[in-house]
């Protein structure tokens, strides 16, 4: 079971990136990809990390044995945005903050869910941005970006999002 | 009239129909209510299950992204479901994640558990039902939903059913009364008619009426027909009895008249015979005496003896005729009733007897103040005959005792004449009072055998009875009553 254990106190808390790894997988379960895109990339359901990998072995451990829509889920590390177009989910590492505009420009054309913890990621056209509230990991959603990419987000997901942007606010 | 505590047939029938319909309805209502409540319970559980499924799918994201506030908001929607007492979302490891309580005093279970392979479970506790539902999202066990609901709606439903049942029961009972009143006529009316006929017959003794069987059920028709048949038979029997009685009365009258005529004839005959016999008898006696006086010295000793015997025989015959005339007289004489002093009579008879036979040693005990109601002349004959009888039949004893008195016998008064003379064999007591019947020879005790017959005739004419008790050589007692 890949669920998060809401144990308060006592047990040792999971680390920030353990939580984020689980969330990356869970986002996939609440997102719908266009059917054309779903049928095109044959092979496993890839969750990619672009740039310097903050997860390490945690992500692989989290995704091991999981599958979505009958496809087994695998973790990949990519260095270039171009390589990430075949991925379903791309986590953009904070190491790529400087190249963010360029990366998003590349990925906009592919049906890829972009996630990052770069501050104001969603304001820059990123789809899901991790934010920390105290020690709790939350997220913001840019619905305009996902709609543009042809991705559908479950209303359930939006319900638990800290903020949902509905109009494109490039720049900002 | 029916006895107290007995119920009329129609009342019984009415009660029976009410009872039958009420029982049937009660059973039907109970079965229906039980079935409906069972189904309703199932429906409540089904509703709860649906609610749990909805809550589950609405809480998936909250569970997955660790957002208890969102789950709490989802649960808050239960305010619209007033029967839900408390609800709780548990994470996959069974610990509470978000909860909802309708009122402060309730709190959900601290842990949710389901068996392996079990997706949902419910149980009842007093007036509540609990349900645990496993939240599964895309094949993954994500958490649990716990719901606790009261069964108030069930209780309200039950109350409503009971009310409805009572109304239906009352209504149907009234309907049963109405229907049975209508039906009663076909059963009770013929029976009441029959009872009325029977009562009128027993009161008026009129057996010619008939009960009517029209419109009665088959069994009652049979009863009425049998009743009528019985009446016919009674009537016929009555007629026969009446005819027999009339015939008998007629025959008795006829015989009585014949008997009276024969008796009268006989009395007239015996009177005339007795009377007419005297004349030739006097001639025989007179001429015998004349012959004795005129030619006595010319006749031999033997011839004179024969004449003496002729004269004795004529005297005896004269006595016989006197007695027969007496018997006829007491039968025909007019009765003149009055108070009679029997003691005085007995004393005067005793004096006469002593005078006629002064040599006898007889002790006479005569009770004082013995009285009777009757004809003095006739009763004198009775006392005379009985005392003479006693005097005569004690004559063979050197000394004798004769007693006259009265006694109480079976509540009525009896008179008696008692002696200690020759007595008689009780076997012949029946012949004692017949005319010319004698138990002793004329040589032993002279007499005609008419005296007791005369006494009996007189006693019978007074409506009384006479009888005797005796033993040979130990005396006899004659009793008589009026």
Would you pick out the residues in segment B:115-140 that are farther than 16 Å from residue B:87 by Cβ and within 14 Å of another protein chain (Cβ to nearest Cβ)? B:116, B:136, B:137, B:138, B:139, B:140
Of the conditions (1) modelled with pLDDT under 85; (2) not in a helix (DSSP H, G or I), residue A:36 fails just one. Which one is it? (2)
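Quick one: which of B:62, B:76 is within 14 Å of chain A (Cβ to nearest Cβ), in contact with a helix residue (DSSP H, G or I) (Cβ under 9 Å, 6 or more places away or on another chain) and either surrounded by fewer than 13 Cβ atoms within 10 Å (Cβ to Cβ) or without any contact (Cβ under 8 Å) to a residue 60 or more places away in the chain (or both)?
The conditions single out B:62.
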So, residue B:128, is that one in contact (Cβ under 8 Å) with a residue 60 or more places away in the chain and either surrounded by 12 or more Cβ atoms within 10 Å (Cβ to Cβ) or over 60 Å from the mean Cα position of the chain (by Cα) (or both) or not? no
All positions within segment A:123-168 that are surrounded by 18 or more Cβ atoms within 10 Å (Cβ to Cβ), in a loop (DSSP other than H, G, I, E, B) and more than 13 Å from chain B (Cβ to nearest Cβ): A:124, A:125, A:126, A:127, A:149, A:151
Can you spot a residue in segment B:15-33 that is in contact with a helix residue (DSSP H, G or I) (Cβ under 6 Å, 6 or more places away or on another chain) and within 14 Å of another protein chain (Cβ to nearest Cβ)? no
Could you tell me which of the residues B:452, B:387 is part of a helix (DSSP H, G or I) and at pLDDT 90 or above? B:387
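The values are calculated or read from the model by the stated rules, or taken from the named source; none is laboratory data. Remember, predicted model here, so these are calculated numbers, not experimental data. Positions of Cβ are backbone-derived with ideal geometry, glycine not excepted, and every protein chain shown enters the neighbour counts.
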